[in-house]
1. Among the numbered criteria (1) under 36 Å from the mean Cα position of the chain (by Cα); (2) outside any loop (DSSP other than H, G, I, E, B), which single criterion is violated by Gly95?
2. Going through Thr306, Thr295 one at a time, which residue ends up being closer than 22 Å to Phe522 by Cβ, in the same structural domain as Glu329 (by TED's automatic domain parsing) and of a type in the set (Ser, Thr, Tyr)?
3. Being not acidic (Asp, Glu) and not in a helix (DSSP H, G or I) is the filter; apply it to the stretch 15-32 and report the residue that is nearest to Ile2 (Cα to Cα).
4. Condition (residue is surrounded by 15 or more Cβ atoms within 10 Å (Cβ to Cβ), within 30 Å of Trp266 (Cβ to Cβ), assigned by TED's automatic domain parsing to the domain that holds Lys433 and of a type outside the set (Val, Ile, Thr)) applied to the stretch 456-470: is it met by at least one residue?
5. What is the residue count in the stretch 297-342 for residues that are of a type in the set (A, V, I, L, M, F, W, C) and without any contact (Cβ under 8 Å) to a residue 12 or more places away in the chain?
6. Just a yes or no: is a residue in the stretch 581-604 touching a residue at least 24 places away in the same chain (Cβ under 8 Å), part of a strand (DSSP E or B) and small (Gly, Ala, Ser)?
7. Mind checking which residues of the stretch 154-169 are at pLDDT 95 or above and either hydroxyl-bearing (Ser, Thr, Tyr) or in contact with a Gly (Cβ under 9 Å, 6 or more places away or on another chain) (or both)?
8. What tally of residues in the stretch 64-87 results from selecting those that are at pLDDT below 95 and either assigned to a loop (DSSP other than H, G, I, E, B) or within 15 Å of Cys172 (Cβ to Cβ) (or both)?
Amino acid sequence: MIAITLPDGSVKNMEAGSTPMDVAKNISEGFARNVISASYNGETVEVTTPLQVDGALLLYTWMNDEGKKAFWHSSAHILAQALEELYPGVKLTIGPAIDKGFYYDVDFGEQSFVEKDLATVEKKMIEIARGKHEFSMRSMTKNEALDYYKEQNNEYKVELIENLEDGTITFCDHDNFTDLCRGGHIPHTGIVKAVKLMSIAGAYWRGDENNKQLTRIYGITFPKQKELTEYLALLEEAKKRDHRKLGKELQLYTFSQKVGQGLPLWLPKGAALRERLENFLKKAQKKAGYEMVITPHIGSKELYVTSGHFAKYGEDSFQVIKTPNDGEEFMLKPMNCPHHCEIYNDSPWSYKDLPKRFAEFGTVYRYEQSGELHGLTRVRGFTQDDAHIFCTPDQLDAEFKNVIDLVLYVFGSLGFENFTTQVSVRDLSKPEKYIGDVETWEKAEAAILSAVKDKGLDYVVESGEAAFYGPKLDFMVKDALGRSWQLGTIQVDYNLPERFDLTYKGSDNELHRPVMIHRAPFGSMERFIAILLEHTGGNFPLWLMPEQVAILSLSEKYEKYAQKVLNLLENNEIRALVDNRNETIGKKIREAEMNKYPYMLILGEQEANDGTVSVRKHSEGDLGSMSVEAFAAIINDAVKNEIKEFDVV
């Protein structure tokens, strides 16, 4: 007998050789019908794998990320089988599961494969899936594996096997198909009920442009047709909300090849939007005791050598800037924190002076590969709403919790209500990735876990996601489409104070090291605005809209009255514009709707005579006539309800 421990701590005593599926059936037949994958003692296993020793078992369904991974990995095998049957002689390479679906890289040789062929392959995949073929694993010696693929003339699989150790090589079989595979499958193909091959793209073998270009086929599958239908509808909605499309339509920002890839240019409306976001946070920060600082866009290479950024990111950054002076080298600023350390070092501090909170909207530069650039979410120059708190160890807990409150205030004011937190810690198996000693890392990680527990936050712990200098708390926000984004971040750092020799005089009259907190509620202004655009579909909260009201006159005759209304609104701090063009009112309304102005005021003869406005709300329609003063009160009350004052405990 072996003891199998389940996630709730309960133990199942089963005969040696029992499988994860046997355990699932022992729990409940209904539950077992939904189990599609498993892991044992931290290792991915098949649901049919015999278990021989005591251990901890996790059983996954489609509702788990690990279950989806197994589902999509298995689907990649089905795709590979379909391709072999439809295109004899193709050479298969790799086919992993990805965040949403899977792909397979294929060498079609002289055969043609284009987008219109995807539908034929989809039908073949469904046909194979309906066969309910079981996935089964078997081991093979290195020589046997090499012989198998040499016989098939598949140099790609041969290369993969040559890099594997003998005794670790396994194959997966289903139906009449076999493929080199490490495992992690669903029980059988019949669980796959819906298939959609999304697109094809070129991909170099092993990502090396010196190698042959393969055809990459992207796909996604689901256990129910309804889920595929909903997913495709979500994709269509996501296309409408794409920040690159909306940013252009709303005239927020642009890019120029002459300026350079990944370097956004903010247009007047976008600049006004950014300024409002910055002022909103500055106001809350001032109330919370932050002081604004400004640092240059470049720094001496020595600064980043001291901080450790050059050793970690130097090769991936913009290259060193040399000056006419021999040996003088600068870098575009990749991070703000080293500059803030030097600001702290400018003065001697006592424990009575701490905490010091330095904040900056600082622009930094990172050389992202051109293929990774994506609108505003991946750029080469971006502005962080950065701040660094220098405090005593005794102050760390309170300061960290205060930053959590600030992040929650920002999210609440911008309509991000669905989020979880992630405590990102070291990967203990890769100590070379991090600076500093084990003791300080353990203190920093314990401080974050204590704070999130005290604040009652819903959190998970992710190993290997820490910054190289310290652990962090990341806020994972779900948008209106259910997609998860990492936005705000708070980091605890004992290492940079050590590297920059930061000190304060304690009550014992001795010098001590401060603790450093890095924090950015927005993360980067560019990425935050991109996500906010897609979350709201361009319908920003009223307080944030570049223009809150469009004043539409029926004809040029009412231009003076339109200007009077504009002045009255501006006196009430309401942002408005006048559309006096010689166009029909219908066209003006349609264009105002497209530009997502929250309110439209229609002005004609009756309104001019009565001193009123006819009010229309974006996507809702007519609200009736009222005085300008009454309308202004509605707007100002709505803004007050959206954005509250930041409460500092």
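1. (2)
2. Every option except Thr295 fails the conditions.
3. Checking each candidate, the answer is Ala16.
4. Scanning the stretch 456-470, I find at least one residue that is surrounded by 15 or more Cβ atoms within 10 Å (Cβ to Cβ), within 30 Å of Trp266 (Cβ to Cβ), assigned by TED's automatic domain parsing to the domain that holds Lys433 and of a type outside the set (Val, Ile, Thr), so the answer is yes.
5. Adding up the residues that qualify gives 2.
6. Scanning the stretch 581-604, I find no residue that is touching a residue at least 24 places away in the same chain (Cβ under 8 Å), part of a strand (DSSP E or B) and small (Gly, Ala, Ser), so the answer is no.
7. Tyr156 - this is the single residue of the stretch 154-169 that is at pLDDT 95 or above and either hydroxyl-bearing (Ser, Thr, Tyr) or in contact with a Gly (Cβ under 9 Å, 6 or more places away or on another chain) (or both).
8. Number of matching residues: 1.
The values are calculated or read from the model by the stated rules, or taken from the named source; none is laboratory data. The model shown is predicted, which means the values in this text are computed figures rather than measured ones. Virtual Cβ from ideal backbone geometry, glycine too; neighbours counted across all protein chains shown.
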